[in-house]
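See below for the structure under consideration.
The values are calculated or read from the model by the stated rules, or taken from the named source; none is laboratory data. No experiment lies behind these values; they were computed from the predicted model shown. Virtual Cβ from ideal backbone geometry, glycine too; neighbours counted across all protein chains shown. SASA here: full protein model, heavy atoms, side chains in, ligands and nucleic acids out. Shrake-Rupley method; radii C 1.70, N 1.55, O 1.52, S 1.80 Å.
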Amino acid sequence: MVAGQTTFTNGEGTITKAFKNMTSYNKHGVNVAKKWVEQRIRNEASALQFIKENTAIPVPAVSDVGEGKDGYYLTMEFFDGIPLDEIGDRCHMPSKPDHTARNCERCRQLAGVNAAKFVQGVLSPELERLRSTQTGLGGTIIPPPWITEHDRREE
């Protein structure tokens, strides 16, 4: 059994991320399942809302958070686009010079340049100006997965 299962479903203009909480033991007999699943989902929703309210960074609007048959879930607005790691698999400008229909290196180069410009010109400046006097979102601090999922100590 896996440590947890994340599923994504795409509805009309929304996407739902659901995470089932499962028990899973590694070869050392230590439970390595994701911990604090509900808090992680709620924390993600709080982070999206915080960024939306305090920056000009485009983030999806959260429409629902809760627990359902597929575990804890977060439903948010769906942003249509092409994942950066899929850019170039199929060229979207095949009639342009230096472009090829499949495995288009020119599309990959352009996407990388545009992503870097967005990070440097929009994301970094917006995130750098954020300030808070509170630890965690809503006062909740959740250890990162590399600690909770790979720590071999007994609970």
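Checking the conditions here, which among 95, 63, 46 is among the small types (Gly, Ala, Ser) and either closer than 30 Å to residue 28 by Cβ or out of contact with any Ser or Thr (no Cβ under 9 Å at 6 or more places or on another chain) (or both)? Step through it out loud before you land on a result.
Working: 63 fails: either closer than 30 Å to residue 28 by Cβ or out of contact with any Ser or Thr (no Cβ under 9 Å at 6 or more places or on another chain) (or both); 46 fails: either closer than 30 Å to residue 28 by Cβ or out of contact with any Ser or Thr (no Cβ under 9 Å at 6 or more places or on another chain) (or both).
The match here is 95.
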- Complete set of residues in segment 16-69 that are at pLDDT below 90, assigned to a strand (DSSP E or B) and within 16 Å of the chain's Cα centre (by Cα): 16, 17, 18, 19
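With the structure loaded, tell me whether residue 85 is at pLDDT 85 or above and of a type in the set (D, E, K, R) or whether it fails that test.
Working: at pLDDT 85 or above: no; of a type in the set (D, E, K, R): yes.
Answer is no for this residue.
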- Can residue 126 be described as over 24 Å from residue 44 (Cα atoms), over 17 Å from the mean Cα position of the chain (by Cα) and acidic (Asp, Glu)? no
- In segment 78-136, the residues that are open to solvent by less than 70 Å² (accessible area, probe 1.4 Å), in a helix (DSSP H, G or I) and of a type in the set (Val, Ile, Thr): 119, 122
- Query: Within segment 98-128, can you find the residues that are in contact with a Ser or Thr (Cβ under 8 Å, 6 or more places away or on another chain) and in contact (Cβ under 8 Å) with a residue 60 or more places away in the chain?
  - Reply: 126, 127
- In the set 98, 85, the lone residue that is among the acidic types (Asp, Glu), under 20 Å from the mean Cα position of the chain (by Cα) and over 20 Å from residue 45 (Cα atoms) is 85
- Query: Does residue 56 qualify as being of a type outside the set (Asp, Glu) and surrounded by fewer than 13 Cβ atoms within 10 Å (Cβ to Cβ)?
  - Reply: yes
